[in-house]
Each structure stands twice: as structure tokens, then as C-alpha cells.
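The values are calculated or read from the model by the stated rules, or taken from the named source; none is laboratory data. Bear in mind the structure is a predicted one, so any value in this text is a computation, not a measurement. Note that we place each Cβ from the backbone using ideal geometry, even for glycine, and neighbour counts take in every protein chain shown. Side chains are part of the model used for accessible areas, which takes the heavy atoms of the whole protein and leaves out ligands, DNA and RNA. Shrake-Rupley method; radii C 1.70, N 1.55, O 1.52, S 1.80 Å.
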Amino acid sequence: MNDLSLSELLAAHPPRDGALLPLLHAVQEALGHVPPAAVPLIAEHLSLSRAEVHGVISYYHFFRSSAPGKQVLQVCRAEACQARGAEALLAHAEARLGCASHHTRADGAVTLEPVYCLGLCASAPALQINERLHARMTPAKLDALLAKEGL
Amino acid sequence: MTSAIVKVFVPRDSAALAVGADEVAEALRHECQCRGLKVELVRNGSRGLFWLETLVEVQTPQGRIAYGPVEAADVPGLLDAGLLQGGEHPLRQGVTEQIPFLALQERLTFRRVGVIDPLSLADYEAHEGWAGLRRALSLDGSAIIQEMLHSGLRGRGGAAFPAGIKWKTVREAQSAQKYVVCNADEGDSGTYSDRMTMEGDPFMLIEGMTIAALAVGATRGYIYIRSEYPHAIATMKEAIARATAAGFLGDSVCGSGRAFHLEVRKAAGSYVCGEETAMLESIEGKRGVVRAKPPLPALSGLFGQPTVINNVITFASAPIILARGAQAYRDFGVGRSHGTLPFQLAGNIKHGGLVEKAFGLTLRELLYGFGGGTASGRPIKAVQVGGPLGAYVPESQWDVPLDYEAYAAMGAVVGHGGIVVHDDTADLSQLARYAMEFCAIESCGKCTPCRIGSTRGVEVIDRIRFNRNNDQNRAEQVILLRDLCDTMTHGSLCAMGGMTPFPVLSALNHYPQDFGLAAPDQAAA
């Protein structure tokens, strides 16, 4: 962890009403995750207990306590995407990448995450890779996309 | 004579970006530069005709001409065919507003979405923007609320509580600090109208929230937007910055001396934070655990202060109600369901997209008249209306008018207007299991019926689905499942546990054969 950037982030997010989530978002944006070592510093900064900070991080699906893979593939498995083959697409992604859902592949190259609803329900199934959205997906199109990303 | 610059529109809505709109825009820019053609590229919102995205429009003397679905590779051919003059091409869809899917709609809140540059204050102003706010500034708070009450507007987030009554409660509460909070945690599958609004017409939401603030005497507002919507977050932040710089927000709204400050808060992927009290906890920086009610958030909401909480479309309806008058809005709809709802066609549907219509049309009109049936070409089997906690509606009920009371009477919900279509390959017992599994994953854990009931629900459904050789045991498990659903319905603190039985029981009642049960429906009741 980069102490300098964390202290800068803390300085940029002074204590105020409801400051914790914006600060956690800032930390995760800067570092890719919220490292456990940052928890006591955040707690002290906002006059919270470590348990409160940990409780918030672990409650929300969005926050990570460990670094994700170099690339992150999110496959939507909400009902609208299921109606267009999302479950098969997710299974295909798992097989193609050799990586189970909710896991980072052993070589650290990729993290595979099912997500609930990307808001592209009329263009299902949808997924996101490295923060870029893709809709009307098929296993063949996913293969091409992953090949382009070097996966 | 100077050669006119042609206006070309390429959407920047997420659903367009997801099928290559940026690449189309770049190809257009590049090709036009190479050919010495002068174009002004506008990145508009989406018209909501998603099967035609990327929908490129060209401004011509005949009106805007649409082409779609356009891919980057189509651009040279389109320009060869005279795209900039509205020339013939296999992708040409004609005058945009005359495309039947669009022409048959009654767009009020979506009248600007896809039409204007979302971040252009001049565009917004030129299309009836701020007219509602200006009228609100000439009224006192109770007169604004009177307009809202008379309009008949009910919350579009799902619970359908009259917006005017909520605002009145907050106005009458005594407190030095009041808040306006927009619940933009649109987490329901099959819904995307909030996202389209925030990406395609963000000033409308700002205007609506500002009207609410004037009505109740609030000076601070928050928009809680889900983390899965980064484009909506970026657009709203930029719109707030521009509106503030232009004096529509800040210490003195339009020079009135009345303050309203607005801020975006990013959510963190918890579905239950779409429930209003869980959302308040989240904005306060805590785990998104629901609060018991009372007290109502209108009296003791954010940081314990009186708070107006509505969803995006509810706030976004306020400007047109103020601008055109409550009666004009009230005249749309049927029964006690006044105005319009942006219905969102999704899932296995040929023409998926946003249909804003007055209440009272039927699901069948939406599915076939607008949607054109399934994308797979197979028969429609089940339609989930109102999000993941909404019922699966079978064909026998597709002619019931879409109206809050009519849907409640048949054990279904209109909700936020999401409509997810499944063809005949869908297994409703699997979807019922998914509903329970989803509740188990997303439950905040505070109340037992939701936390434990959903886990048990998955197990019971599995025993029904996989124990196919023991009819008696299966019949017992069905009774158990119904009992469990009853407990969840009546014992849960919020809609998460309380409504999960809607999809489960509707699947069981209308599609018993998918559970390996012999029809008729009543057998297990």
C-alpha cells in the first residue's frame, strides 16, 4: 500500500456527515481495493471503530479487501439477461478463462464477477470488461473480446 | 453562400456505448474530416429504441432522419449514400419521430431524452427547461404542494405513495434542516428509465429536486446513484456543476435568495439500499440495514431530519406538472393511476426499449404492439412485471389494464415499470429458486423472515424440483413453501423479504408443471 496516497486521500476527505462511503470509494479508486491495513487509519480519521469500518466494507458487494486481477470481467446475471442466455454466457466465461465466478485466476490476470444488473436490460445479455460495457453478447463475441484483451 | 454545417446525433447513453456508439462517432468524425464534410456531432441521450442502437440521426429540412443499427464499419457506406442529406440506405429508418414505436408514445418526462445534448443548458432551456422551476419560484410552498396533490402523481419507485402527501408531511415538519434525497439506486432487473434520464436529461432531475426543496423548505439534497451506473454518475456530477455555475443551484436559486445545494453520492452494490431507509443508512456512512418504520423518513429521515425521498422519475415529473399545470398531467391515465409511466421492455423481446404511455394500456399491447414478440421468435411464456420482486404474469392476465389497483388485485405489482420477457424455454421453478437465492444474497439480515426464510426457500424449492419420485413428499414441501412465503410476506420489515413471495408464488401458481407438479393450480393450495 502506498502510504502517501492514502494520507492524501484522508486529507482530501475531512470528517463530515456520511463521509465513510465517499472515502472508501476514493481509496478503492486509487488503490484498486481497500487494503485491511487501511482500515485502522480510516477509522481513526473518521473517529469510528475499526469494526464499523470493516463492517461497512464487508457489507457492500462493491468494496474489495484484496486486489483484483489485472482485468476484471463482470457478467450480468439479472433476470433480463438470464432471459437471453446470461447463465450460459457466465458458464462459458468460467470455462474459457479457467476461473470460477467471484474468483481471481491464480496467475492474477483476471477476476470474474457476476453482477446484478448493468441497466442494459433491453440489449441483453450484457457484461463489462475493464469498465467498458458490452451488450447483445454471445459466447462467440465474448471469445473475440477476450482474445482482444489478451486473455 | 456558406455551406451549412450538418448536425449529426450519435447517442452517448450506456446502451448505445455498449454496442459501439463511441466507435461510430469516431468513424464519423474521421470520415467527414477526410472528405472535407462539415458536421457538428452532438452526443445525445437515447431515444430508447434499443434494437436500433447505435441510432444515428441527421438534421434535415424534413426533420431528423434516423439510421440504425449503425456500426462503425457502416459509416463510409452511409456517407456514400448521402447520410448528411438523409439519403436512402438499407439502415435508414425514416423521420425519427414517425417511427411507430416512438410515434405511438405519450412522452412527458422523456420528451427531451434522445432529443437534446444532455449537458447543454441552452438546449435544455430551449425545450421547456426550467419553466416548472420558474413557476415554482413564483408560488409559495403550499401552492406547489397543491399542484403536486392535484396532479395525482404517485411515487414511481414502486410503492406508489402519493408524492404530494409526502411533500406536505415534510413541509409541515418543524426543523431547522430538511433534506431532499433522490433514490437513484435503480437495481431492478428490467428497469433502466432512471439511468436513461440521468444520462439523457440530467437537468430535469435537478429541476424537479429543486422544486421539491422549495416546496418543503429544504436546503440540501443528495442523489444516491448505484455504482453500476458510472456514466450516470459522471453526467449528473457535471450537470450539477453546470447548473450551479449558472445559478440554478447554490446559495440563491435563480436569484431568489433561497438556497439549494445538491450532491451525488455513489452507492456500493447493495440491492436492499434501494429501500429508502437502508439508503439513508448508506448515505450516513453505515451498513445499508433497513430501519423499522415509524418514524417515517418524512419526519425523521436523513441524519434524523425531515426528508423528502422520491425516485428519479417522480422528481423528474415535477417540472412538467408545474410548467403545464396539474390538470394537464392528471388528465393522463385511468382510475387513480394518473399521468404516464415509462414502461421498460426488456429480456427476450424483439423491440426492447422505453415506452412512455399513460396508465391503462395492457401488457399485451406492450408485448406485441410495441415489443413485437420475443427476440428468439418463440412464444412468450412468462413476463415479470415490476422488477425481481414482481410477479410472473401469465398470458391469461395480459389484457388487464396497467394500473396500480388492477395489478394489486391480481397479486402483481406495476412497480417501477420494468417488464422482463421470457420465452417458452424458461423454467419457472428455476426462476422462483433464483428469486429466493437473490433474497438470501441481498437481505440486509435485520429481520429473520427475510434472512433465514430466503435460505430455507431455496432448499424447499430444490426439494420440490429434484425429488421427482416422491409425490407425497413433494406435496408436503409445496405446503411448506406456501407457509414460508406467508411468513415472509407478513413478517418481513421491508419489501425485500415481503415481496420475494410474489415471483415465487406466481411461478408456482401459474406454472406448476415446471415444478413437476400436476396442474391444476389449486391442487396444492
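Mind checking whether some residue in the stretch B:316-329 is open to solvent by less than 50 Å² (accessible area, probe 1.4 Å), in a loop (DSSP other than H, G, I, E, B) and touching a Leu at 6+ places or on another chain (Cβ under 9 Å)?
There is no residue in the stretch B:316-329 that is open to solvent by less than 50 Å² (accessible area, probe 1.4 Å), in a loop (DSSP other than H, G, I, E, B) and touching a Leu at 6+ places or on another chain (Cβ under 9 Å).
Filter the stretch A:86-98 for residues that are open to solvent by 10 Å² or more (accessible area, probe 1.4 Å) and assigned to a helix (DSSP H, G or I); which is nearest to the other protein chains (Cβ to nearest Cβ)?
A:Glu87
Within the stretch B:293-302, is even one residue within 14 Å of chain A (Cβ to nearest Cβ) and under 25 Å from A:Val53 (Cα atoms)?
Yes; the residues of the stretch B:293-302 include at least one that is within 14 Å of chain A (Cβ to nearest Cβ) and under 25 Å from A:Val53 (Cα atoms).
Collect the residues in the stretch A:131-144 that are away from chain B (no Cβ under 12 Å) and open to solvent by 10 Å² or more (accessible area, probe 1.4 Å), keeping them in residue-number order.
A:Thr138, A:Pro139, A:Ala140, A:Asp143, A:Ala144
Given the criteria modelled with pLDDT under 95 and open to solvent by less than 50 Å² (accessible area, probe 1.4 Å), does B:Asn473 qualify?
In short, yes.
Within the group B:Leu84, B:Leu41, which residue is over 30 Å from B:Ala245 (Cα atoms) and either at pLDDT 95 or above or not in a loop (DSSP other than H, G, I, E, B) (or both)?
Going through B:Leu84, B:Leu41 in turn, the sole match is B:Leu84.
Any residue in the stretch A:4-30 that's outside the structural domain of A:Glu44 (by TED's automatic domain parsing) and part of a helix (DSSP H, G or I): show its pairings with residues that are open to solvent by 40 Å² or more (accessible area, probe 1.4 Å) and basic (Lys, Arg) at Cβ separation under 8 Å, as long as the two are six or more apart or on different chains.
Listed by first residue and then by second, the contacts come to nothing, as the list is empty.
Within the stretch B:80-102, how many residues are within 14 Å of B:Gln59 (Cα to Cα), more than 26 Å from the chain's Cα centre (by Cα) and open to solvent by 20 Å² or more (accessible area, probe 1.4 Å)?
Number of matching residues: 4.
Of the numbered conditions (1) at the interface with chain B (Cβ under 10 Å from one of its Cβ atoms); (2) over 16 Å from the mean Cα position of the chain (by Cα), A:Ala147 satisfies every one except a single condition; which is it?
(1)
If you scan the stretch A:114-130, which residues turn out to be within 7 Å of another protein chain (Cβ to nearest Cβ) and either in a loop (DSSP other than H, G, I, E, B) or in contact with a Pro (Cβ under 7 Å, 6 or more places away or on another chain) (or both)?
A:Tyr116, A:Cys117, A:Leu118, A:Gly119, A:Leu120, A:Ala124, A:Ala126
Does the stretch B:44-54 contain any residue that is assigned to a loop (DSSP other than H, G, I, E, B), among the basic types (Lys, Arg) and either within 17 Å of B:Val8 (Cβ to Cβ) or open to solvent by 60 Å² or more (accessible area, probe 1.4 Å) (or both)?
yes
Looking at A:Ala67, A:Ala83, can you tell me which residue is touching a His at 6+ places or on another chain (Cβ under 6 Å), within 14 Å of chain B (Cβ to nearest Cβ) and touching a residue at least 24 places away in the same chain (Cβ under 8 Å)?
Exactly one residue qualifies, and that residue is A:Ala83.
In the stretch B:391-403, which residues are buried (at least 18 other Cβ atoms within 10 Å of the Cβ) and either out of contact with any helix residue (DSSP H, G or I) (no Cβ under 6 Å at 6 or more places or on another chain) or among the aromatic types (Phe, Trp, Tyr) (or both)?
Matches in the stretch B:391-403: B:Tyr392, B:Val393, B:Gln397, B:Leu402, B:Asp403.
Are any of the residues in the stretch B:204-224 more than 13 Å from the chain's Cα centre (by Cα), more than 24 Å from B:Ile145 (Cα to Cα), part of a helix (DSSP H, G or I) and assigned by TED's automatic domain parsing to the domain that holds B:Glu284?
Within the stretch B:204-224, none of the residues are more than 13 Å from the chain's Cα centre (by Cα), more than 24 Å from B:Ile145 (Cα to Cα), part of a helix (DSSP H, G or I) and assigned by TED's automatic domain parsing to the domain that holds B:Glu284.
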